[in-house]
Amino acid sequence: MNMPDSILEEKTGVVEGQPPWRRFASDFCESRLAVAGLTIFVLIALSAIFAPWITPQDPYDLMQIDILDGRLPPGSVSGEMTYLLGTDDQGRDMLSGIFYGLRTSLSVGAASTLIALFLGGSVGLIAAYFGGRVDTIIMRVADLQLSFPAILIALILVSILGQGVDKIIIALVGVQWAYYARTIRGTALVERRREYIEAATCLALSHRRIVFRHLLPNCTPPLIVVGTVQVAHAIALEATLSFLGIGIPITEPSLGLLIKNGFDYMLSGDYWISFYPGIALLITIVSINLVGDQLRDVLNPRLQR
Amino acid sequence: MKIRLISFAAAFAMTTLAPVMASAADLTVGLASEPSSIDPHYHNLGPNNEMRRHIFESLIWQDEQQKLTPLLATSWEPTSETTWEFKLRKGVKFHDGSDFTARDFVYTACRIPTVPNSPSSFTIYTSAMKKIETPDPHTLIIHTEKPYPLLPVELAVWGIISATANGVTGDITFNPDGTGCGITSFPQTKEFNSGQATIGTGMFKYGEYVKGDRYVMNRNDAYWGEGTEWDTVTFKPITNSAARVAALLAGDVDFISKPPTQDLERLESEPDITLSSMGSNRVIYLHMDQYGPSTPGVKGTGAPDGTYEGEGPCATSACEKNPLLDRRVRQALSKAINRDAIVDKVMGGYAVAAGELLPQGFFGTNEGAKPEAYDPEGAKKLLVEAGYPNGFELVLGTPNDRYINDAKIAQAIAQMFTRVGIKTSVNAMTKSVFFATRNKYEFSLYLAGWGSGTGEMSSPMRALVGTRDKSRGLGGTNRGRYSNPVIDDMIMEALSTVDDDKRATLLAESSRMAMEDYAILPLHFEVTIWAHRSDLSYGARADQYTMAIGINSKK
C-alpha cells in the first residue's frame, strides 16, 4: 500500500526555516480525528497487505471453501474452522473474505488513483503550459467527460473491456483522469505566470525541464488533496460496480461483491453476509476521508496559521 | 466534512398506492415478467403465452402436467400416417357473440405467418400443416407432408382468433405458403394491445392493458365451460423480486410468481402466505465443447496430438488439447458434481436432481433413470486413466440473470470440480452477453437451461443433443456440438413415428445412449414456486405458467 503522506514529505513547497515535513506533520497532528483516521487506515492497509498470512482461509481458493458450509451464522464451528463472522452463501469465511476483499478494494483504489494522477496530471500540465489549441482540446474533452456521471462512464467502460481487476483499474482511470487534469491545470495556469517560470524560460531550458522540474513541484499540493479524496471515491466506485455484478470475477469477491451476495439474503435474516463487509467498506472510506480533509486544510496556503 | 458513501437502491420499495378495498371476487397477481404484447401470435414467449391462454383458447389444452386434454376440440385422432381429424366443440361463442367454427381455425393459421416484426414467430407450429379441410363447421381434417406426431401438441401452443370479428365472412382456403391465404387485412398487433381485436373464446375478456403497469381482465359470463370465480383479475408486472415479495407481504397483490429462493424461509413462516410449487421440466445442464481437438477455455493439457477433419490441430492460440472429447473426462465431471448439495444448499430444496433431460414420468423418459451419484474419488481415478493425473484448468461460463440462482450454481460446481483437481473459474455474465458469447462457441463448458414446451423427450434431444444440422432441424441449441449419428437417426425416426408407444421407446433409448455417453450433463430440474394468500389455491403447472385460470379461493 502506498501511503499518501510519504509522497508529501518530499514534495511540499519550500517555506521558512523549519523543515517543511516537520511543520506539515505537526499541522496534520493538530486534528485528533485525522490522526485517528490515519491510524485506522494504516491498520486496514496492513491487514489487507498481510491478509494471506493472517486469515484462517484463502477465500479465493475453491479447494478450501465448501458449499456445504454455506450461510453459517457468526461463531459457527465446522470441522477445524471457526467462522468468527459467519460464512456467505458459497461457504466462504466472511472474515477472510473481508481481508481479501479489502486487498482488492485498496489495490484497485490506489492503483487507479496513481495512474489517473499521473496521466491526468501530465495532460493537465501540458494543457496549462502550452495553452491555445492544445489546452482547448484537452480541457473540452475533460469537460465533456465530467458532464457524465462517473458511474455511467465506468459502467460503459467495464462493459466494453470485460471482466477482471485490471479492466476495473483501466475503467476507473478513465473515469478519474479528468479531475486531476482540471485541478492541476487551474494551479498551473497561475504558476506559469510567476517569475521563476519566466526566469526558466529566459535560461532557454527545455519545455520538459520547465514543466516537470519547475512547474510540477509547485502544483502538487492540490493534486495530493484531490488524490486522497479520489482514492476513497475509487474504492466506492469499485464497490458499486461489483455490487452491480460487473467487473470482478465472482469467485474472487471484493467488498462490493460480498455485500451484493449478502443483499440477496437480507429478507431471510442472514444479515452478516452484507453487514460486516459493509462496515469494513464504511470504515475504510471514512478513514481515508478524514485524512484527506485534514490534508486539504494543512496544504491550503490560505488557511496558513 | 463530506463522506462519500454508496447508496444502495432500497429494495424494500413498496408501492405507494393506498390499498384499494377489493371485493371478494377480485384478484391481483404480481408477475415476474410481463408479456411483450397482447397479440397472441406476435412473440412466442412464456409471459405472452400464459396471458394468451386466458383470452384466446386453442384447440387443445395442456393440463398442469402438460398432458393434452380437449378444449375447443373435443376429440382428435390420426386417420392415416399423414392426416388428423379434429372434432370441434359446438356452441362456443367469441367475446363479440360470433360462433366459433372450423373457419376461425383456418383464419388464424393463415394469419400466423403474416404477423409483421415478430421477434419469435409461431410459424414453427403451423409449418407442418400442408392442407386443411373443413367438411363441416365442426370438423377439421389436417394433412401433413410427412408423418407428424407432434401436431396435437403444437395445436395447443397457439390461440384462435375470430374471422367474423375481424371482418372475414366468406370461406377461407388454407394455403401453406405463408402469404395469408388471400386475406389482405389481418388485425395489427397494436389493435390487440388496444383491445380492439382482442376477441377470443376464453373465460376472460380483455379489460385494460397499460404496458409496464397492468393488464386487467374481466370474466366472460357467456363462457361455454365452467368459467372462473373472479370478476376481475389484474396482472401487475413487478420485475424486481424483492419488491414483488414486499408487495405480497404488504397485501398489494394476492399472488406472485417466482419468489426468490432466499426469501422462501421467510414466506413460509408467514401465517397468511402459502407457497405452491411444482417440479418444472426445465432442466439445468452443462454443455461441454466436443467439437475440435482444442477448445478455448482449457489450460494445462498440453498440445493436441492429432489433426482434426477440416481444421488444423489448434483452433486457438493457446493450442491445448481438448480433454472433453474423452468420455472418461466427461464422466469424471459428472461424478464430481454433488447434485444433492446444489439442490439443498443453493436451491433451498426447491429443485430435483436430474438423471435425464426430462423429469421422471414425462413422455420418452427411462423409468428409474437416476442422477449420477457424487463420487469425487471415482472422478479422480477417471482423470488419471484419461491421462490427466494433475487435472487441468477450465473456465465455466454461466448467465447470472437467466435461471434460478444460475451464477451461484456455477460457483458451487467450480468448487466441486476444483476438489477433484480441475481448477475451475467462473465467467458469469448477463444473459444477452452470455448467449451471444455461447453462440460464438467461446465456452468450453457452460451452464444453461432448457424448458420443454411440448413436454416430451423429443424436445431436449432434438435441440441439445442432435448434431447441428439446419436442414434436419437438429441441434438448434447444441452449442457443445456433441455429435452421434446413431442418436440423430433415432431422434429423426421418433419425430416421424405417430405410434405413441413406439415413439416413447425410441426417445427413451436415444436418451439413455446420450446419458451413457455423457453427451451433456443434466444437473437438476427447477421447481417453480408461487407465493400467495393462504386462502387461495393454485393448480401449479409444470410449464411454469402463472395463470388466473388455476387460481381458486378455498371454500
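We did not get these values from a lab; they are worked out from the coordinates using the rules stated. Quantities reported herein were computed from a predicted structural model and do not represent experimental measurements. Reconstructed Cβ throughout: ideal geometry from the backbone, glycine too, with neighbour counts over all protein chains shown.
In table form, for the structure just shown:
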| read-out | value |
| --- | --- |
| Taking all pairs of distinct alpha-carbon atoms in the protein assembly as shown, Kirkwood radius in angstrom | 31.1 |
| Rg to Rh, two decimals, where the stretch B:181-243 supplies the alpha carbon set and Rh follows Kirkwood | 1.08 |
| Fewest-first sequence of A:ASP264, B:ASP213 by Cβ atoms within 10 Å of each Cβ | B:ASP213, A:ASP264 |
| Under the Debye formula (equal points on every Cα, no solvent term), log10 I(q)/I(0) of the stretch B:167-294 at q = 0.11, 0.17 Å⁻¹ | -0.72, -1.07 |
| All lysines inside 24 Å of B:LYS299 as judged from Cα atoms, apart from same-chain residues fewer than 8 positions distant | A:LYS167, B:LYS321, B:LYS335, B:LYS380, B:LYS381, B:LYS408, B:LYS423, B:LYS440 |
| Three-way shape call for the stretch A:198-305 based on the alpha-carbon gyration tensor, with the a/c threshold at 1.5 | oblate |
| Stokes-Einstein D in µm²/s, Kirkwood radius over Cα pairs - chain B at 20 °C with 1.002 mPa s viscosity | 84 |
| Cβ-based charge dipole, the protein assembly as shown, positive-most Cα from B:THR430, A:TRP21, B:PRO304 | A:TRP21 |
| Per-bin percent of Cα-Cα distances, the stretch B:379-501 [10 Å] | 12, 32, 33, 20, 3, 0 |
| Test item: Cα-centred dipole of the stretch B:158-237, Lys/Arg +1 and Asp/Glu -1 on Cβ, debye | 280 |
| Alpha carbon convex hull of chain A, volume per residue in cubic angstrom | 151 |
| Magnitude of the charge dipole, the protein assembly as shown, Cβ model with Lys/Arg +1 and Asp/Glu -1, debye to 20 | 2920 |
| On Cα atoms only, tilt of A:32-49 relative to the major axis of chain A in degrees | 60 |
| Distance histogram in 5 Å bins (all Cα pairs of the stretch B:432-555, percent per bin) | 2, 10, 16, 17, 15, 13, 10, 8, 6, 3, 1, 0 |
| Helix-only CD estimate at 222 nm, as mean residue ellipticity for chain B, using -39500 (n - 2.57) per DSSP H run (n ≥ 4) | -6000 deg cm²/dmol |
| For the stretch B:467-524, with +1 on Lys and Arg beta carbons and -1 on Asp and Glu, the positive-most of B:THR505, B:HIS524, B:LEU495 along the dipole | B:HIS524 |
| Length-normalised contact order for the stretch A:103-303 - Cα pairs under 8 Å, 6+ apart - percent | 25 |
| Of A:VAL175, A:ILE273, A:LEU161, farthest towards positive along the dipole that unit charges on Lys, Arg, Asp, Glu beta carbons give chain A | A:VAL175 |
| Potential lengthening between A:ASP58 and A:THR136 on full extension [0.36 nm per residue; Cα-Cα distance subtracted] | 23.1 nm |
| Nearest-20 debye value, chain B charge dipole, Cβ charges on Lys, Arg, Asp, Glu | 1440 |
| Relative contact order for chain B, counting Cα pairs under 8 Å that sit 6 or more residues apart, in percent | 17 |
| Residue order, fewest to most surrounding Cβ atoms within 10 angstrom, among A:SER96, B:SER194 | B:SER194, A:SER96 |
| Ascending count of other beta-carbon atoms within 10 Å, so fewest first, for A:LEU62, A:LEU95 | A:LEU95, A:LEU62 |
| Distant alpha-carbon pairs in the stretch A:112-203 (separation over 15 angstrom), percent | 63 |
| Approximate shape of the stretch B:150-225 as ellipsoid semi-axes (Cα gyration tensor, √5λ), whole Å, largest first | 25, 17, 14 |
| Candidate lysines - alpha carbon under 22 Å from B:LYS67, same-chain residues fewer than 8 apart omitted | B:LYS87, B:LYS502 |
| Whole-number percent relative contact order across the stretch B:189-305, with pairs defined as alpha carbons under 8 Å at least 6 apart | 11 |
| Kirkwood estimate for the stretch A:168-260, i.e. one over the average of 1/r between Cα atoms, Å | 15.6 |
| For peptides A:159-165, A:236-242, sequence by mean Cβ density within 10 Å, most packed first | A:236-242, A:159-165 |
| Rule-of-thumb Rg ratio for the stretch A:194-235 [Cα; 2.2 N^0.38 Å; N residues] | 1.57 |
